[in-house]
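Derivation of every value follows stated rules applied to the coordinates shown; laboratory data play no part. The structure presented is a predicted model; accordingly, all values stated were derived computationally and were not measured. Positions of Cβ are generated from backbone atoms using ideal geometry, with glycine treated the same way; all protein chains shown enter the neighbour counts.
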Ligand code: NCD
């Protein structure tokens, strides 16, 4: 598709060719994200970064990505700090804020809210997560990471095995990721969840429709035994009707080094969209995996900046100008990206 001026709301909008485009632009952002070069291509542009739900990495990485392209970021966080708390509609908020920004990233607790906002917006809107529906930029950075990890093993996105583990009902990252996997071939998808938190049928049907083998189970150990990627998720406690109900599932699946060593094939990649819930009752991805070289969670977060830079550069149509507006960095950068 032609990305210029478009909203990015759902993976449904993207073809396989679009993903290739996003990934190749993301690759080209590396010198900027890794502090080798500076670009001012978005000098003067403003991002409206509107997060009406808790966020650390999505908000900061979208903001950093915009800054790394030379643009400025204005933020609104929390419904309680915005006029939405005074009863303002998404329509009015969108009309107003799109007069102040060149592009908007929005996260909101209601499914469908970002699309509703985008309809009234005068500038492109990127979905930073709408309720339990979708989180397209996370899925793109996840797939970008999967591609890189498979590549180091001489493998490709067209023939691999992945386990999605945890709260598959409310987890929007795995919803968007399933839609993306549907664009590839010969993917085996193992869905690990309690029955009550199973992946909604529509996502499973779409995977099967793409010809993928889909296995559903509520047991972790056998599921992680035969996959290339083990993708763990947090119980989305904030989406449960009550804390009591959430408690029933807390700590149900815990991946740690001992289980990894016992059940996983060597070099199984461990992923998680983060945050991992490190409270002792939950702990779905143990800290004792931190030194495991196959733990890709911080490669995911680093890759998120590249992918979000690519989305901005495409939507604002500056891909061809990024290098023209660049110079080498002139400060100490260390070696954190090696
Ligand atoms: C995810 C989200 O907000 O859906 N976090 C993120 O953006 N990386 C996952 C989660 O909160 O569990």
Antiparallel DSSP beta bridges within the chain, percent to nearest 5: 10
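Determine the relative contact order of the chain: mean sequence separation of Cα pairs under 8 Å and six or more apart, normalised by residue count, in whole percent. Could you put the intermediate results ahead of the total?
Numbers: 650 pairs, mean separation 69.9, N = 338.
Once normalised by length, the contact order is 21 percent.
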C-alpha long axis of helix 16-28 to longest principal axis of the chain, angle in °: 70
Cα-based Kirkwood hydrodynamic radius, the stretch 50-142, one decimal, Å: 13.3
Once the Cα gyration tensor of the stretch 51-102 is diagonalised, semi-axes √(5λ) in Å: 22, 15, 7
Sorted largest first, extent of the stretch 100-237 alpha carbons per principal axis (Å): 51, 36, 26
Least to most buried among 29, 106 (fewest other Cβ within 10 Å first): 29, 106
The stretch 196-319, relative contact order in percent, only Cα pairs under 8 angstrom and at least six apart counted: 23
Binned Cα-Cα distances of the chain, short to long, each 10 Å bin given as a whole percent: 5, 26, 34, 25, 10, 1
Simple spin-label estimate for residue 327 and residue 79 in nanometres, 7 Å along Cα-Cβ: 4.6
Length released on extending from residue 40 to residue 299, taking residue separation times 0.36 nm less the Cα-Cα span: 90.7 nm
Considering only the stretch 1-141, percent of DSSP beta bridges that pair antiparallel, nearest 5: 5
Contour minus Cα-Cα distance for residue 219 and residue 119 (0.36 nm per residue): 31.8 nm
Rg [Å, one decimal], Dmax [Å, integer] - the stretch 1-96, C-alpha atoms: 15.8, 46
Label-point gap, in nm, between residue 89 and residue 291 - each point 7 angstrom along Cα→Cβ: 5.9
